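Colleague: Structure incoming, see below.
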Amino acid sequence: MPIPPEVTGEEIDPDVRQELMSLPKGLADDVARNLVMVAQLIDEDPEKAYGYSRVALRLASRVAAVREAAGFAAYANQKYSEALAEFRAARRMSGGVDLWPVMADCERGLGRPERALAMAGEPEVQKLDKAGQVEMRLVAAGARRDMGQLEAAIVTLQSPELASSAHHPWTARLRYAYADALLAAEREQEAREWFAKALEADKDGATDASDRLAELDGVEFVDAFDDEDESDDETVRADEDEAREDEQDLVDEHDLTDEDDVEDDDER
């Protein structure tokens, strides 16, 4: 797959670069450039990111960072079985537990929420950092909802991290998930309060909390571009109507001229 010349591979995370040092330099550079493309495209074009991850995987399947990248690319394309296999391979190679929550979420994606829930109770969770533990809580709550246990999902999300007024990278998503669960339980007023709190913490627009709030408040957004398009369409239709009228006037005028000519011939 083509890679823009400005992508050198130097953009890669230093820890990943360190892992790639086990490869010959030319090969390491090729793998690094493909991994950069995965990172750049995974949100906006996950299908292309997946393609680059497969190239990297063919070049260096024994590097944990490559297996991890392939896992996330597969996950972004909802290829959960493949993603889970890659994450397991990366975990065996690295010995870390950071991938535990996303592995559990793959189990959810495969329709096995009970396995995800079992993973939430394993000792590996205690080894996760705070962000990982919050992520695991979100996955566990999602698994509860998958199983129809809505109230249990709400309780699962109730935690010191949820109650904290401090803003962390996970805060908006945690508050949003709680608000969404409350709304599903028809606790609308509480849900509105927590959507507002999620919006307050969501500086990067990671959630659609503002839209959910507006929906609860009965506010409808009108797309200005749609209005412009409709206005343009009306103008085009008006112009076409006017053109047809002008054309008809010319036809009528021509017909009258022909009639006059016939009358003149008759008189002669």
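Colleague: Place +1 on the Cβ of every Lys and Arg and -1 on the Cβ of every Asp and Glu in segment 65-164, take the dipole about the Cα centre, and give the residue among 128, 65, 163 whose Cα lies farthest towards its positive end.
Modeller: The one lying farthest along the dipole's positive direction is 65.
Colleague: Could you give me the ³J(HN,Hα) list for segment 166-179, computed from phi with Karplus coefficients 6.51, -1.76, 1.60 and θ = phi - 60°, whole Hz, x at Gly and Pro?
Modeller: 6, 9, 10, x, 8, 4, 4, 5, 5, 5, 5, 4, 5, 4
Colleague: From the backbone phi of segment 97-102, what are the Karplus-calculated ³J(HN,Hα) couplings (6.51 cos²θ - 1.76 cosθ + 1.60, θ = phi - 60°) in whole Hz, Gly and Pro given as x?
Modeller: 10, 4, 8, 4, x, 6
Colleague: Please enumerate, by chain and number, the lysines with C-alpha under 23 Å from the C-alpha of residue 203, excluding those fewer than 8 residues away in the same chain.
Modeller: Those lysines meeting the cut-off are 130.
Colleague: List the extent of the Cα atoms of segment 64-186 along each of their three principal axes, largest first, rounded to whole Å.
Modeller: Here the Cα extents, ordered largest to smallest, are 42, 30, 26 Å.
Colleague: Are there GluC sites (Glu not before Pro) in segment 1-45 that DSSP puts in a loop and that have at most 15 other Cβ atoms within 10 Å, and which ones?
Modeller: Numbers: sites: 6, 10, 11, 19, 44; in loops: 6, 10, 11, 44.
Sparse-neighbourhood loop GluC sites (Glu not before Pro): 6, 10, 11, 44.
Colleague: Next up: Grab the eigenvalues of the alpha-carbon gyration tensor for segment 1-109, scale each by 5, take roots, and send me the semi-axes largest first in whole angstrom.
Modeller: Those come to 22, 16, 10 Å.
Colleague: Could you run the Karplus curve 6.51 cos²θ - 1.76 cosθ + 1.60 with θ = phi - 60° over segment 118-128 and give me ³J(HN,Hα) per residue in whole Hz, x for Gly and Pro?
Modeller: Calculated HN-Hα couplings, in order: 5, 5, 5, x, 7, x, 4, 4, 5, 8, 6 Hz.
Colleague: Follow-up. How large is the dipole of segment 162-213 about the Cα centre if only Lys and Arg carry +1 and Asp and Glu carry -1, each at its Cβ, rounded to the nearest 20 debye? Provide the component values of the computation, followed by the final result.
Modeller: On the way: 7 positive and 10 negative charges, 33 e Å.
Computed about the Cα centre, the dipole is about 160 debye.
Read-outs: derived from the displayed coordinates by stated rules, not from any lab. If you're wondering where the values come from, they're calculated on a predicted model, not measured in any experiment. Cβ atoms come from the backbone with ideal geometry, glycine included; neighbour counts cover every protein chain shown.
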